[in-house]
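What follows is a single structure, written as C-alpha cells, with notes after it.
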Amino acid sequence: MIAAAAVFALLMGLLFGGFGIVRAMGKNRLYQSASVQQPVLQEALKEETLTEGESEKWQDGWVKYKDVIYAYNEEILTFLIMGIDKLSDVEEVAEGTDGGQADALFLTVLNPKTKRMKVIGINRNTMTDIDVYGESGEYVSTVKSQIAIQHGFGNGMEESCEYQKKAVSNLFYQMPVHGYAAVNMSAVATINDAVGGVEVTTSPGLAGFPEEFTQGKRVRLLGEDAFWFVKYRDTDVFGSADMRLERQKQYLNGFIRAAKRAVHKDASVVIDLYQAVKPQMVTDISLDETIYLASVLNEYAFNEEDFYMLSGKTVMGEKFEEFYPDEDALFEMILDIFYEKVQ
C-alpha cells in the first residue's frame, strides 16, 4: 500500500499542475508490470502447418488458426478483479487454506487501439490447474480443482493474490496480467455507494430482499442491497454459482456505467474511493496507476456486448459443482479480444 506521505505528495502534484507527470508515471509502470510478454497459444495448435511463405515471414508470438495468422496486441492492458469471500478488513493469516476464496473473478481488458473496454467473467467453479501449498508455504503439488480455491492458499494478502493471478493467467495460456485488485466482499456497499448506486433488474431466488425487489423490476441498489445482490447464492440449488455470476455480470455492467458518469462529473472520486476501500483491498495497482486509469476511463467505450462469459458446462463432482470450459470457445475468445489479424 502507498504510505500517507506518498499519497499527500501525489495529491499536491495534482493540485499544482503535476497531473500529466503522475499520469505518465502510472502508464509506464503498468506496461512494465507484466512478467510474461505474450501468451503461448501456438503450442496448443500442433496441427496448424505453415506455408513456405509464412515460414519465411514468421515472427515469435504469432498464431495461425484456421488459415488466419494473428499477432498479440501488446498495447492491451489486462487487470484481474477478485471478490474475496471475507466480511472484514484484509489481514495476514497463517500459511494454509484460510486466505479466502475468490467468489468473483473478472478480467478487465483495455484496448488503447480501439478505445474499448472488455470484461471476461470467470466461473468460480472453473476446473483448472491450481498449486497446492503446505502449512509452511512450501509447494506441494498441482491439481485440477475449482479456480476460486487458489486464493485460499498463502497469507491472504499479496501472496494469495499472486497465486490466483498465476492460475488465471495459466487458464488463459499464460496471458499477461498487468495488475490485480482483490476486494473483500464487505467493501461492496462502499464501492457501490461511491458511484451513486447501481441500477439492475432484479431476479428470482434472492432470499432476504425487501418485497419491492420483485422479479423483472428495475431498481437502484444502495448499501447492503448491493452486497447481497452480488454475494448471495443458495448452495442447495444446482448451478447457483452460475446464476450468481449472471447477476454479477449485470451488476458490473451497471457499475461501469455509473463509475464512468461519476468520474466524468468529478475525477477525485477515484482517489476518495481508493482510500475508502484500502483497508478491505489488496492490490498491486499503485495510486499513480489508478490516476492514469481514471484519466482514460471515459475515453473507452463499453456496452453489454463487451462483457464475455466463459462457455462450458457445469456438472456435479464428487462433492462440489465443477465447471468445465469449452476449450475451443476459450481459444477463439482469446484471439478475438487479445489478438489482431496479420495483414
Just to verify a result, which residue in segment 218-260, among those that are part of a loop (DSSP other than H, G, I, E, B) and either in contact with a Phe, Trp or Tyr (Cβ under 8 Å, 6 or more places away or on another chain) or among the charged types (D, E, K, R) (or both), is surrounded by the fewest Cβ atoms within 10 Å (Cβ to Cβ)? Asp236
When only residues in segment 333-343 that are touching a residue at least 60 places away in the same chain (Cβ under 8 Å) and under 21 Å from the mean Cα position of the chain (by Cα) count, which is farthest from Val168 (Cα to Cα)? Tyr339
Only listed residue being surrounded by fewer than 17 Cβ atoms within 10 Å (Cβ to Cβ), at pLDDT 85 or above and more than 24 Å from Ala329 (Cα to Cα), chosen from Glu299, Glu305: Glu299
The correct count of residues that are among the small types (Gly, Ala, Ser), outside any helix (DSSP H, G or I) and either surrounded by fewer than 18 Cβ atoms within 10 Å (Cβ to Cβ) or in contact (Cβ under 8 Å) with a residue 40 or more places away in the chain (or both) in segment 136-179 is 6
Is it true that Ala182 is assigned to a strand (DSSP E or B) and either within 21 Å of Leu107 (Cβ to Cβ) or at pLDDT below 95 (or both)? yes
Could you count how many residues in segment 261-305 are hydroxyl-bearing (Ser, Thr, Tyr), assigned to a loop (DSSP other than H, G, I, E, B) and either touching a Lys or Arg at 6+ places or on another chain (Cβ under 6 Å) or free of Cβ contacts under 8 Å to residues at least 24 places away in the same chain (or both)? 2
Can you name the condition, by its number, that Glu95 falls short on among (1) over 20 Å from Met175 (Cβ atoms); (2) free of Cβ contacts under 8 Å to residues at least 60 places away in the same chain; (3) surrounded by 13 or more Cβ atoms within 10 Å (Cβ to Cβ)? (2)
Given (1) in a strand (DSSP E or B); (2) over 17 Å from Tyr324 (Cα atoms); (3) free of Cβ contacts under 8 Å to residues at least 60 places away in the same chain; (4) not aliphatic (A, V, I, L, M), number of the condition Asp129 does not satisfy: (2)
Going through segment 302-330 one residue at a time, which ones are farther than 15 Å from Asn125 by Cα and either within 18 Å of the chain's Cα centre (by Cα) or of a type in the set (Lys, Arg) (or both)? Phe302, Asn303, Glu304, Glu305, Asp306, Phe307, Tyr308, Leu330
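The values are calculated or read from the model by the stated rules, or taken from the named source; none is laboratory data. Quantities reported herein were computed from a predicted structural model and do not represent experimental measurements. Note: ideal-geometry Cβ built from the backbone for every residue, glycine included; neighbour counts use all protein chains shown.
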